[in-house]
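Below is one structure, written out as structure tokens; comments come after it.
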Amino acid sequence: MASIGIDIGSTATKGVLWNGSGFEFYLTPTGWTPGESAAKAVAQVRRRGHILKNEDLHVTATGYGRNVFQADKRVTEITCHAAGAHYLAPEASTVLDIGGQDSKVITLGPDGRVTDFLMNDKCAAGTGRFLQNMAVHLGCSLQDFAAIPENTPFQPINNMCTVFAESEVIGLLAQGVAKESICLGLLDSVAQRAANLISRISDYGDICFTGGCAQNGLLGKLIEKKTKRRVIIPERAQYAGALGAALIGAGM
Ligand code: ADP
């Protein structure tokens, strides 16, 4: 039987199909209709995995929108992210997930079980939304944030709050500060927030960095510098929750 994991996030809905020997992946914006996005993700990974009959399929939903979708099983994000991250980077003892509107840290035992977790879902500071808003003001893309040259002079950003940081960025641009320096300062503030969150429940071992923001390798390097710990970014970092859900649905 094939197992599909659907992670209905605030920003992106991710689908992963596990057929017992390999995976299929699909991502779509969550938008205003999370149930429809989830149905689309299920249909797409099913098509890619050539799963025609409903009885050959088990669907596990996770993520903030999991309750709006009719699935065989619903599992919390923490459990699914832990399972997915442990599969992708078994050597990591800590998971850092930075998504569209929240960030979380999970600590794992040697068998991958959750030992503790901490979540910041109260404000956009330090999340993908923070960087997306700033990118609009700076007239650049999220990909540009990852491509800042290493020798770029660093412009510290003093405000963590998204609203105040926006005003600060606009002021810096008006003073003629280079965009790259501001981008580096913004990434540094996200990295500092992540390092602070990590230090509250975890102080040793490798960190598996997941979620959409993990696609920014420079952010991973900054977190590595601040925590003085190895940060592993798996190739399918954004799919960790959906992948974990698929594995849990398969009884793994
Ligand atoms: P959620 O589960 O909350 O929907 P995700 O883990 O799917 O969030 O991550 C979505 C976020 O990933 C987006 O808000 C965006 O800021 C960020 N993101 C997407 N692509 C990239 C990229 N190439 N580089 C950096 N960040 C990215």
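The values are calculated or read from the model by the stated rules, or taken from the named source; none is laboratory data. Note that the structure is predicted; figures quoted are calculated from it, not measured. FYI the Cβ positions are ideal-geometry reconstructions off the backbone, even for glycines, and counts take in every protein chain you see. Just the protein is used for accessible areas: all its heavy atoms, side chains included, with ligands, DNA and RNA removed. Shrake-Rupley method; radii C 1.70, N 1.55, O 1.52, S 1.80 Å.
So for segment 1-151: antiparallel DSSP bridges make up what percent, rounded to the nearest 5?
Restricted to segment 1-151, the bridges split so that about 75 percent are antiparallel.
What percentages, rounded to whole numbers, describe P(r) for the chain computed over all alpha carbon pairs with 5 Å bin width beginning at zero?
1, 7, 14, 17, 17, 15, 12, 8, 5, 2, 1, 0, 0
Rounded to the nearest whole Å², what accessible area per residue is found for the chain with the 1.4 Å probe?
47
Express in whole angstrom the spacing between the alpha-carbon centres of segment 22-82 and segment 112-155.
A separation of 26 Å, based on Cα centres.
Counting only trypsin sites (Lys or Arg not before Pro) that are in a DSSP loop and have at most 15 other C-beta atoms within 10 Å, tell me the longest site-free stretch of the chain.
After excluding every exposed loop site, the longest remaining stretch is 123-227.
Starting from the Cα of residue 179, draw a straight line to each of the aspartates and glutamates and keep only those under 12 Å, dropping any in the same chain fewer than 8 residues away.
Of all the aspartates and glutamates, those that pass the test against residue 179 - Cα under 12 Å, at least 8 places apart if same chain - are 144.
Of all chymotrypsin sites (Phe, Trp or Tyr not before Pro) in segment 47-128, which ones are in loop regions per DSSP and have a Cβ with at most 16 other Cβ atoms within 10 Å?
none
Compute the Rg/Rh shape ratio of segment 91-233: radius of gyration over Kirkwood radius, all on alpha-carbon atoms.
Result for segment 91-233 is an Rg/Rh of 0.98.
Assuming 0.36 nm per residue, please report the length gained on full extension of the stretch residue 146 to residue 252 beyond their Cα-Cα distance.
Once the chain is fully extended between residue 146 and residue 252, it gains 34.7 nm.
Grab the Cα-Cα distance for residue 121 and residue 21, subtract it from 0.36 nm times how many residues apart they are, and report the gain in nm with one decimal.
32.5 nm
Compare 106, 51 by solvent-accessible area with a 1.4 Å probe and give them largest first, with all protein chains kept in place.
I get 51, 106, largest accessible area first.
When we measure straight from the Cα of residue 104, which lysines land under 28 angstrom away, once same-chain ones fewer than 8 places off are left out?
14, 40, 73, 122, 221, 225, 226, 228
Read phi for every residue in segment 37-43 and hand back ³J(HN,Hα) as whole Hz from Karplus 6.51 cos²θ - 1.76 cosθ + 1.60, θ = phi - 60°, with x for Gly and Pro.
The phi angles translate into 5, 5, 4, 5, 5, 4, 4 Hz.
Counting only DSSP beta bridges with both residues in segment 91-233, what percent are antiparallel, rounded to the nearest 5?
65
Report the dimensions of segment 1-83 along its three principal axes from the alpha-carbon atoms, largest first, rounded to Å.
Computed over segment 1-83, the largest-to-smallest principal extents equal 29, 24, 19 Å.
Using a 1.4 Å probe over the heavy atoms of the protein chains, calculate the carbon and sulfur portion of the accessible area of the chain as a whole percent.
C and S fraction of accessible area: 51 percent.
DSSP loop GluC sites (Glu not before Pro) in segment 149-189 with at most 10 other Cβ atoms within 10 Å of their Cβ, which ones?
Answer by residue number: 150.
Taking 0.36 nm per residue of separation and subtracting the Cα-Cα distance, what length does fully extending residue 164 through residue 228 add?
20.1 nm is the gain from fully extending residue 164 to residue 228.
Tally the DSSP beta bridges in the chain and give the antiparallel ones as a percent, rounded to 5.
65
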